[in-house]
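Note sheet for the following structure.
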Amino acid sequence: MKVLPEISPNTLAVRLRLKAERMVKKQHPWVFEDSINKQNKAGNAGDVAVIYDTKKNKFLACGLFDPFSPIRIKLLHFGKPEKLNESFFQQKIAIAYAKRASLLATNTNSYRFLFGEADGFPGFIADVYANVLVVKLYSAIWYPYLKIIIEGLLKHSNATTVVLRMSRNLKKDGLNYNLKDGDIIHGILDNEVIVFKEHGVCFSANVIHGHKTGYFLDHRANRKRVGELSTNKTVLDVFSYAGGFSVHALANGASEVTSLDISAQALEMAIKNGKLNEYSGVHKTMAIDAFLGLQQLLAEKKKFDVVVIDPPSFAKSSKEIERAKHSYSRLAKLGAQLVAENGLLVLASCSSRILANDFFAICEAEIQNCSRGFTVLEKTYHDSDHPKIDSFPEGAYLKCGYYQLD
């Protein structure tokens, strides 16, 4: 078990350009490098940066200084002066946990405990899988505070083990205090693959080598909903990864489920996740590029009662927005042609740079272009453990439309 570093952060006094100052007054959590007008001294990762009003010279906000990122200050607190001490972080953790109360009252023991900026922890993710807490850091600003934050997370969760995951950009910084991705920083990990439940359905996550923290928790509510709509139905799950939608469909009595993903390894996980539950339907897999796979199914004149298309982010930069929109358009068109009469088409996007209204408009235009009438059953966004805040629109990324086709 690795020992966490003991670091004493310094305090910086910062004044911003007027445009950035206005954003801080709106409680936006990011201050970019070129927004800083004055800074009393050089800062290290995790130093406390206090933002002062330029004209009135009074406290506006405080956050953590990040010399390795163009987002130079990640803000944690606004309004009245506050010390970023143990009491401060414990209170924020308690508030975050309370927001998950309704979810944890269900038959679910996997959840996102801390969702970065939305919970006041920019660049910090904490996910719980059964009794294992996985912390993923996206910034070196958190090293001085790791110990007290971990203590707070353990106090509220039932976790007995903590795993540290680190982003690629954090590894590049070189400031890691002898910590590395996959380190156990509390307790003992008997098996890196953890079995957990979401709404009574079992899945597994590799908390050491799995993508992100081991699994994608944000679509939990949509997976449950798709499962409920899949009883006695044939289902196509495109970009299935480890079979989230597929497994819920099978567990809810789908007659046949096809999981389609370019990764054969991911499909093996999907099969294994399915077998963690009782089901009587047939589970098929297709290891193929999604666009090619959909075209192949069309050529074979296949139809499905339920088609779910949930791709990875297509727009990781502003330069990719138009290409992303074109990809969503193609997927909606291909998917609509594979839906049986009175069937269901579920289309999702996790690209934060594609606005929800634009995404839904693209999907609906393509369904209409296929000469299919449709009814919008519902449009969903983030699950309760991925809260959205008005002051941080960049954090709103997930959207999902349910379309019943004539």
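The values are calculated or read from the model by the stated rules, or taken from the named source; none is laboratory data. These figures come from a predicted structure and were not determined experimentally. Here the Cβ positions follow ideal geometry from the backbone for every residue, glycine too, while neighbour counts run over all protein chains shown. When the accessible area is computed, the model is the full protein with side chains, heavy atoms only, and any ligands, DNA or RNA have been set aside. Shrake-Rupley method; radii C 1.70, N 1.55, O 1.52, S 1.80 Å.
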By the Kirkwood definition, with r running over pairs of different Cα atoms, the stretch 317-360 has a hydrodynamic radius in Å of 11.5
Check cross-link reach from residue 333 to the lysines: straight Cα distance under 17 Å, and skip same-chain residues fewer than eight apart. 301, 302, 303, 325
What are the semi-axes of the equivalent ellipsoid of the chain, taken as the square roots of 5 times the eigenvalues of the Cα gyration tensor, listed largest first and rounded to whole Å? 41, 25, 17
Which number do you get for Rg(Cα) / (2.2 N^0.38 Å) in the stretch 137-180? 1.24
Restricted to Cα positions, what overall size does the stretch 157-261 have along the principal axes? Three whole-Å values, descending. 54, 29, 20
How large is the convex hull of the C-alpha atoms of the stretch 237-396 per residue, in Å³? 130
Within the stretch 1-80, list the GluC sites (Glu not before Pro) lying in a DSSP loop whose Cβ has at most 13 other Cβ atoms in a 10 Å radius. 6
Take the stretch 251-295, compute every pairwise Cα distance, and split them into 10 Å bins from 0; I just need the percent in each bin. 27, 50, 22, 1
Determine by what factor the alpha-carbon radius of gyration of the stretch 40-157 differs from 2.2 N^0.38 Å, reporting the quotient. 1.15
So for the stretch 218-289, considering every pair of alpha-carbon atoms, how many percent are separated by more than 18 Å? 26
Segment residue 391-residue 109, length gained on full extension (0.36 nm per residue, minus Cα span): 98.6 nm
Protein accessible area in the stretch 1-141, 1.4 Å probe - carbon and sulfur %: 51
Compute for the stretch 42-105: radius of gyration divided by Kirkwood radius, i.e. Rg/Rh, restricted to C-alpha atoms, rounded to two decimals. 1.09
What do you get for trypsin sites (Lys or Arg not before Pro) in the stretch 74-103 restricted to DSSP loop and a cutoff of at most 16 other Cβ within 10 Å of the site's Cβ? 83
Using all alpha carbons of the stretch 292-378, what is the percent of pairwise distances in each 5 Å bin, ordered from the shortest bin to the longest? 3, 14, 26, 25, 16, 10, 4, 1
Compute the projected area of the convex hull of the Cα atoms of the stretch 328-406, averaged over all viewing directions, and report it in nm² to one decimal place. 5.2
Calculated diffusion of the stretch 82-216, Stokes-Einstein form, Kirkwood radius summed over Cα pairs, 20 °C and 1.002 mPa s, µm²/s: 142
Take the Cα pairs of the stretch 198-321, get the Kirkwood Rh, then feed it into Stokes-Einstein at 4 °C and 1.567 mPa s and tell me D in µm²/s. 88
Determine by what factor the alpha-carbon radius of gyration of the stretch 113-190 differs from 2.2 N^0.38 Å, reporting the quotient. 1.03
Please compute the Cα-Cα pair-distance distribution of the stretch 272-317 with 5 Å bins starting at 0, giving whole percents from short to long. 5, 12, 20, 23, 17, 15, 7, 2, 0
Given a 1.4 angstrom probe, what's the average accessible area per residue across the chain, in square angstrom? 45
Contour excess over end-to-end distance, with Cα ends at residue 255 and residue 384 and 0.36 nm allotted per residue: 43.4 nm
Links that overshoot a 25 Å alpha carbon limit, given the list 180/388; 38/316; 197/399: 180/388; 38/316
Add -39500 (n - 2.57) for each DSSP H run of 4 or more in the chain, then divide by its residues: what number comes out at 222 nm, to the nearest 500 deg cm²/dmol? -8500 deg cm²/dmol
Table column - 3J(HN,Hα) (Hz), the stretch 65-78, Karplus curve with 6.51, -1.76, 1.60, x for Gly and Pro: 7, 10, x, 9, 10, x, 7, 6, 10, 9, 8, 10, 8, 10
